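Below: one structure, written as structure tokens.
The values are calculated or read from the model by the stated rules, or taken from the named source; none is laboratory data. Note that this is a predicted model, so its numbers are computed, not measured. Ideal geometry is used to build each Cβ from the backbone, glycine not excepted, and the neighbour counts take in all protein chains shown. Just so you know, the surface numbers come from the protein's heavy atoms only, side chains and all, with ligands and any DNA or RNA stripped out. Shrake-Rupley method; radii C 1.70, N 1.55, O 1.52, S 1.80 Å.
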Amino acid sequence: MPVSLSGQFQVQGRQALAGLQAWAEDVNRAGGPPVSVLYYDDASRPEQVRRATQRLIVEDKVDLLLGPYSSVLAQAAAGVAEQHQRLLWNQGGAADSIHQQGYRWVVGILTPASEYLSGLAPLVREAAPEASTLAILRSASGAFPRAVSSGVERGAVAQGFRIVLRQEYDPATADFSQVLEAVEQAHPDVLVAVGRIQNDLRLAQLLARRRPSIGAVAVVAAPIQQFQDALGEEVEGFLGPSQWEPSGRYPNSYGPSAQQVLESLRRQGRQAIDYPMVQAYAAALVAQRCVEAAGTLDQGALREAAASLDFSTFYGRFKIDPDTGRQIGRSAVIVQWQQGRKVIVWPPEQRQARLVYPWRS
């Protein structure tokens, strides 16, 4: 795996590596064919990702190639994998655009970004039928923020919401005061913010201090441990999309239970388990299932197995569109920080608590 051990994605990159290593240790402990993990630091840069992916394929001749964390880096790895007709198990890039390039050799593990907050509008409508306006703040660069915000907007309009603000900002900014002034002037019932993790953290801290009169605030980074660490007690009420929660109920027809996976990750010295660890473990587990089904490490056979299989792991259902490799079998959940802990508030079948609305009530 090309992995960010330095640069802006180093926290999540190291977490993803820990997840992959935990999977390898579990496979080896079970006495199967020995597995070793090979990785190179991509420094959170697309060109470094391309070089690392090229080296893993051409020089190291790896059998299974996992993608890096972040959509922009996963896109870079996918291009190299496609050139060499090597399957990329895309565990870290949720941007829809990765699966819109005509690539055959990418298998998506994650719920696509455009569906991250597809449940937000019906969730708010259920709690507050009078809510009618929505504002969107997003980074001006990157396919991921565009995909998330476009998906939110489609869902909101379908629910009868009116978009009162679409505000882009420079991801290099450290001062969100003017951005927040635009939000306060628009006075939306719902605010959605999506950018780089540091953008989301700074924006959320400012929102917590200013406490604008908004019914619901969804920040894409809200479910991660860094978010709680940065906001402390002010984390209360924030919403966010999560690919997986340990408290969720997921059918499991293959592989270890969620509790077993968490124990494996803790053996890596990790007490706080964030999603990059879990999704990297899940991607390797999916690849393992495909190897067993194909009976070979031939890349074409693995691609066929991935296209035909429909099964569930501790991480949820795995099913891809056979043509694009896009994940279509699973959905993200929406969580809210309530009384210092994350609870699932959407979808209804996973719900652990009702939405607190307004968020600062």
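Return the sequence-ordered ³J(HN,Hα) values of region 135-151 in whole Hz as given by the Karplus equation 6.51 cos²θ - 1.76 cosθ + 1.60 applied to θ = phi - 60°, using x for Gly and Pro.
Each residue's phi maps through the Karplus curve to give 10, 10, 10, 8, 4, 6, 10, x, 6, 5, x, 5, 5, 4, 5, 5, x Hz.
Taking the Cα-to-Cβ direction at residue 150 and at residue 293 and moving 7 Å from each Cα, how far apart do the two end points lie in nm?
With each label placed 7 Å out from Cα toward Cβ, I get 2.9 nm.
Output the 0 to 90 degree angle, nearest 10, between the alpha-carbon long axis of helix 177-186 and the longest principal axis computed from the alpha carbons of the chain.
60 degrees
For the chain, calculate the relative contact order in percent as a whole number, restricting contacts to Cα pairs under 8 Å that are 6 or more residues apart. Spell out each step's value before the answer.
Numbers: 749 pairs, mean separation 66.2, N = 361.
So the answer I get is 18 percent.
Per DSSP H run of at least 4 residues, take -39500 (n - 2.57); add these up for the chain, divide by its residues and hand me the 222 nm value, nearest 500 deg cm²/dmol. Present the calculation step by step, with values, prior to reporting the outcome.
Working: 11 runs with 137 residues, N = 361.
Result for the chain: -12000 deg cm²/dmol, rounded to the nearest 500.
Averaged over every viewing direction, what's the projected area of the C-alpha convex hull for region 244-361? Give it in nm², one decimal, please. Write out the running numbers ahead of the final one.
Values: hull surface 35.7 nm².
Projected area, direction-averaged: 8.9 nm².
How many angstrom lie between the Cα centre of region 104-147 and the Cα centre of region 324-345?
Cα centroid to Cα centroid, the span is 11 Å.
Mind checking the angle between helix 275-294 and the chain's longest principal axis? C-alpha axes, 0 to 90 degrees, to the nearest 10.
Approximately 40 degrees, to the nearest ten.
Angle check, please: helix 299-308 long axis (alpha carbons) against the longest principal axis of the chain (alpha carbons), in degrees 0 to 90, nearest 10.
Here the helix axis deviates by roughly 50 degrees.
How far apart, in nm, are the 7 Å Cα→Cβ label points at residue 319 and residue 54?
4.0 nm
Mind grabbing the accessible area of residue 166 for me, 1.4 Å probe, Å², rounded to tens?
Ignoring ligands and nucleic acids, residue 166 comes out at about 150 Å².
How large is ³J(HN,Hα), in whole Hz, for each residue of region 48-56 in order, when computed from phi with the Karplus curve 6.51 cos²θ - 1.76 cosθ + 1.60 and θ = phi - 60°, using x for Gly and Pro?
Listing the rounded values in order: 5, 4, 4, 5, 5, 5, 4, 5, 5 Hz.
Report, by chain and number, residues whose modeled amide H sits under 5 Å from the one on residue 118, excluding near sequence neighbours (fewer than 5 apart, same chain).
none
Counting only other residues whose beta carbon sits under 12 Å from that of residue 164, what net charge do I get with K and R as +1, D and E as -1? Show your work: numbers first, answer last.
On the way: positive: 162, 166; negative: 153, 184, 189.
In short, -1.
If you wrap a convex hull around the alpha carbons of the chain, what volume per residue comes out, as a whole number of Å³?
On the way: hull volume 44.2 nm³, N = 361.
Hull volume normalised by residue count: 122 Å³.
Hey, can you grab everything whose amide H is under 5 Å from the amide H of residue 311? Only 5+ residues off in sequence or another chain; H modelled, so Pro and N-termini drop out.
So residue 311 has HN proximity to 318.
Determine the shape class of region 1-61: with a ≥ b ≥ c the square roots of the Cα gyration tensor eigenvalues, call it rounded for a/c under 1.5, and otherwise prolate if a/b is greater than b/c, oblate otherwise. Could the numbers behind the result be given before it?
Details: a/c = 4.80, a/b = 1.49, b/c = 3.22.
Because a/c hits 1.5 or more and a/b fails to exceed b/c, region 1-61 counts as oblate.
Which of 259, 327, 75 moves the most in a Gaussian network model of the chain with Cα springs under 10 Å?
Maximum among the listed residues: 259.
Give the accessible area for residue 25 in Å² (nearest 10); use a 1.4 Å probe, count only protein heavy atoms, and leave out ligands, DNA and RNA.
Rounded to the nearest 10, that gives 80 Å².
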